[in-house]
Amino acid sequence: MTGTHIASERERIEALAEEYRAQGYEVAIEPDSSRLPGFLSGYHPDLVVTRGGERAVVESRRSLAAEAQARDLARLLEGQPGWRFELIVVNDSPGEPSTGSVAFDSERAHHALEEGRSLLKDGYVSPAMLS
């Protein structure tokens with residue numbers, strides 16, 4: 001990873017944290033293991049956000065390239081009362097139009113991944129990439 005890429009990723013996470021703070025969430029950026037519940041040991045989430053009894057693990061990605069880790073984390077959180085998983089996919093490549101971000105809860109993320117796989121299996125590469 002280049003220094004520029006690392007800075008860009010950190011800036012994206014900081015900006016995302018500000019968006020959550022503006023919505024009234026308390027935000028922990030890249031919390032260390034001492035600040036995470038035991039069921040998240042071994043994970044290094046971008047953000048953990050809380051508001052009242054609401055808690056979420058938030059991961060920011062440029063693409064769905066790390067889908068296996070995101071899927072595993074979503075499944076892990078499904079069994080934890082009061083927790084949810086949000087996957088934010090952003091396009092911040094120079095010269096590319098920005099599409100903003102999309103938040104997925106674990107059910108919606110799983111459905112989108114399955115839909116994409118199905119489209120790809122049937123030969124619909126472009127729609128699969130969009131999904």
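Observations on the structure shown:
- I88, sole failed condition from (1) at pLDDT below 75; (2) under 10 Å from the mean Cα position of the chain (by Cα): (1)
- Boolean, A74 is open to solvent by less than 80 Å² (accessible area, probe 1.4 Å) and modelled with pLDDT of 80 or more: yes
- When R108 is tested against the conditions (1) at pLDDT below 70; (2) assigned to a loop (DSSP other than H, G, I, E, B), the lone failure is (2).
- Selected residue (criterion: farthest from A70 (Cα to Cα)) from residues of the range 36-57 that are assigned to a strand (DSSP E or B) and open to solvent by less than 10 Å² (accessible area, probe 1.4 Å): V49
The values are calculated or read from the model by the stated rules, or taken from the named source; none is laboratory data. The model shown is predicted, which means the values in this text are computed figures rather than measured ones. Areas reflect the complete protein model, heavy atoms only, side chains present, ligands, DNA and RNA absent. Shrake-Rupley method; radii C 1.70, N 1.55, O 1.52, S 1.80 Å.
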